[in-house]
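**Student:** Sending over a structure as structure tokens; questions will come in a sec.
The numbers here are math on the coordinates, done by the rules we state, and not lab data. What you are looking at is a predicted structure, and each value in this text was computed from that prediction instead of being measured. For neighbour counting, all protein chains shown are included, and Cβ atoms are generated from backbone atoms with ideal geometry for every residue, glycine included.
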Amino acid sequence: MITDHLFISILPVVIFLLVYSREFRVSFSLSKYISSFLGGVYFALLLLLVSENIMFLIKGFSPFVKGFLLAGLIEKGGAFFIIYILLKRFDLFTVSKAIVTGMLLGLGFACVENVLYGMDNTSGIMYVRILFSVPMHITTCGIMGFYLGISKMCHLKFDIYLYKIKALLIPLFFHGFYDYFLLKGGTGSFLSVPVLVLSAIYLETVMSRSATFPPESELLIMGMGFDEWKVKDRQPRYDRWVKRYTGIMKGASVPVFNWHPGIMRFVSVIVLIGLAVSGLPMYKYLEHSMGLGLTREEVFTVFVFFPFSVALVMIISGSINPEFFIRSLVKLPVITDVDVIKEDFDEDFLVTNDLSWGSCFLHTTEPYGLGKNIALKLSISRFESPLLKGKVVWENHIRKHEAFGSIIRFENIPRGFLAFQTRYHILRFWKTMVFYLKLPGFDSIKSLFYKPHVLIHTDIYKKAGDILFREGDKGSQFYMLKKGRVIFYKKKHGSDDIITVNTAVTGEIFGELAVLGDQDLRNASAICGSDSVLAVASRENLDALLVNNHEFTFNLIETLADRLILTEKVLIENISELEGRRKENEKLAHVSVMLILLTMGLEGGEGGIRANMDIPSMLRFIKEMNEDDIERLTTVFLMSYDKEKSESDRKKDIIAGLNEIFGSRQ
């Protein structure tokens, strides 16, 4: 009988070792596997030595206190200490390895605990504990390893302590309720099953999430802590949220689940579900042959819920897609204004979507320089932080697959910043609730996301003299100038001369007319007057701004009106210049005609030409002469160069032409 019990005790250990075999394949040295497993074994044996004293101390307490005190304060507290020590000795550390360390420790602890349960054949609940304690210890210790692993890579003390608290409280929550429901007995023991399934889902989620974390060595090379890396990692989530909410991102999301079980795992799941369905008839057979003597609740828990739970764990294991966290996870941004004061006392006015207790992400348009010291003030909803001193620890303005901007690590935390942070996080929580529940104030929050600097985010860099577009080009994008100067010009018809019609400065939007127009044609050329940083956006971005941001629409109309007035003024000035040149040319033509006529001798004389016109009429003609008269006179005078006619014939033709012109003006 004892042999049978020991076999039943070890069987769940082997089952869940196989279930989580995929996770245990992390590149681990054999010594790490052994030390992690033995750590759980030693801890279980230590508890065995003092178990009588512990049971005496908690005797008489309620099942709730017993469950949380024994499972939480003692079992999980000891596991916390041992995992923390094991992780201290790691080289080439990753959070995934920390999770596996915790899972192996839980497996070792459960192995000893199950053997002890197997030697106790006085209670039917022993079978429930033998079967369910293994996955509960594996999952809760794996979750503990996840948060302790993160705390090991954090830079800020606040985050280090926060993740350590999570490492203790979250496993305590699962294991405490699990033990409470079992100790309570009756139908309440059924509730231990969903607690176990939830802990398995939680473990699978953090394991999948940890696959996207960088190793500790990479963070050291980057000069960042995990808390600062997490700030960088959140930026694409804000961007995806804005794009999805505003309708700009219309592509399919990466699915959360991505289950590819393989033949063996799929067959195992089918078999376990079959065992769960046939559990009650199986119990009747075993009861007849082994005399188990279980209560109705224990029968359902062992023969129905356990195989079904193992099937669920096998389905969950490896099913959550890590790509979901990289490409599809979204987060509601809360935009905060930032006034940056650099060492040269130059100021930048920027925004941030992300403010943590030790750092923030700034949407900068150009590099500050790693290690550069800056001072900054943050403000949101009439709240302003004290002056903060920080240092640039990371920035990117080249790699398009990463967030564009700079991460600032706060070097000092002045008085008043804690109060500002508290207000900020309360406001962030409140705005999230208002937005998703559409409470009063929803529209004012919504308008925050329909701003140019939020929707227009793809930056390009141009040097002085670079052409952005030419007059007559088709246009499908518009621009917001973040830094520099852009000059707009038009070419004069029939010449290479240009007319400068406008100049864009920092903060201005341009190129939107071609995007809005039916012909999509640029009405002027644009050239960078200096090295410039521009944000580029498409028609979808502009539509979202026009429909949802009335202030932007009004400002755009005002800008277009100002631009039209300026363009008209420039064109009028150029028209006046051209008109002056035309009049000057007419004067020259008048003088030339007078000289020609006088030279040819209109009053007769030898060789002269007599026209049917007196001197006063001639002077009046010259004064009133227009472009058509100049052209006709030129044609007449060119007759004098016709060498095929005699001189007398040429003179007759000229006289006839002049008489015709002058006669028409009598």
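**Student:** What FRET efficiency do you get for H401 and L280 if R0 is 56 Å and r is their Cβ-Cβ distance, rounded to the nearest 0.05?
**Tutor:** 0.50
**Student:** Give, as ranges by residue number, the residues of region 190-215 whose backbone N falls under 19 Å from the point 7 Å along Cα→Cβ of L169.
**Tutor:** Only 199, 202-203, 206 pass the distance filter.
**Student:** Working out 0.36 nm times the residue gap between L387 and F81, then minus their Cα-Cα distance, what length gain in nm do you get to one decimal?
**Tutor:** Gain on extension, L387 to F81, equals 106.2 nm.
**Student:** Okay, moving on. Taking 28 Å as the cut-off for C-alpha to C-alpha distance, list the pairs among K164/K232; K166/K243; K400/K482 that go past it.
**Tutor:** Pairs exceeding 28 Å: K166/K243.
**Student:** Can you give me the distance in nm between label points at T212 and K157, each placed 7 Å from the Cα along the Cα-to-Cβ direction?
**Tutor:** About 3.1 nm, to one decimal.
**Student:** Please find the FRET efficiency linking M222 to D562, where r is the Cβ-Cβ separation and R0 is fixed at 30 Å, and quote it to the nearest 0.05.
**Tutor:** Using R0 = 30 Å, I get an efficiency of 0.05.
**Student:** Apply the Karplus curve 6.51 cos²θ - 1.76 cosθ + 1.60, θ = phi - 60°, to the phi angles in region 498-509 and return the couplings in whole Hz, x for Gly and Pro.
**Tutor:** Ordered by residue, 3J(HN,Hα) equals 10, 10, 6, 9, 5, 9, 9, 10, 3, x, 7, 9 Hz.
**Student:** By the gyration tensor of its Cα atoms, with a ≥ b ≥ c the square roots of the eigenvalues, what is the shape of region 312-441: rounded for a/c under 1.5, prolate for a/b over b/c, or oblate?
**Tutor:** Oblate, since a/c reaches 1.5 and b/c is not below a/b.
**Student:** Using modelled amide H (1.01 Å from N, peptide plane; none on Pro or chain starts), what sits under 5 Å from the amide H of I335, excluding residues fewer than 5 places away?
**Tutor:** none
**Student:** Could you compute the FRET efficiency for I201 and E366, with r as their C-beta to C-beta distance and R0 at 51 Å, rounded to 0.05?
**Tutor:** For R0 = 51 Å, the calculated efficiency reads 0.70.
**Student:** May I pose another question? Can you compute the modelled spin-label distance between L546 and S31, with each label point 7 Å from Cα toward Cβ, in nm?
**Tutor:** My value for the distance between the label points is 6.9 nm.
**Student:** Then there is this: Across region 351-364, in residue order, what do the Karplus-derived ³J(HN,Hα) couplings come to in whole Hz, using 6.51 cos²θ - 1.76 cosθ + 1.60 with θ = phi - 60° and x for Gly and Pro?
**Tutor:** After applying 6.51 cos²θ - 1.76 cosθ + 1.60, I find 10, 9, 9, 9, 10, 9, 6, x, 6, 8, 9, 9, 8, 7 Hz.
**Student:** May I ask you to work out the translational diffusion coefficient for region 194-279 at 25 °C, viscosity 0.890 mPa s, via Stokes-Einstein with Rh from the Kirkwood sum over Cα pairs, reported in whole µm²/s?
**Tutor:** Estimated diffusion coefficient is 143 µm²/s.
**Student:** Can you give the extra length, in nm with one decimal, that the chain gains between N523 and L45 once fully stretched, where that is 0.36 nm per residue apart less the Cα-Cα distance?
**Tutor:** 163.8 nm
**Student:** Still on this structure, I have one more. Which of the peptides 225-237, 92-104, 520-532 is most tightly packed, and how do the rest follow, judged by the mean count of other Cβ atoms within 10 Å per residue?
**Tutor:** 92-104, 225-237, 520-532
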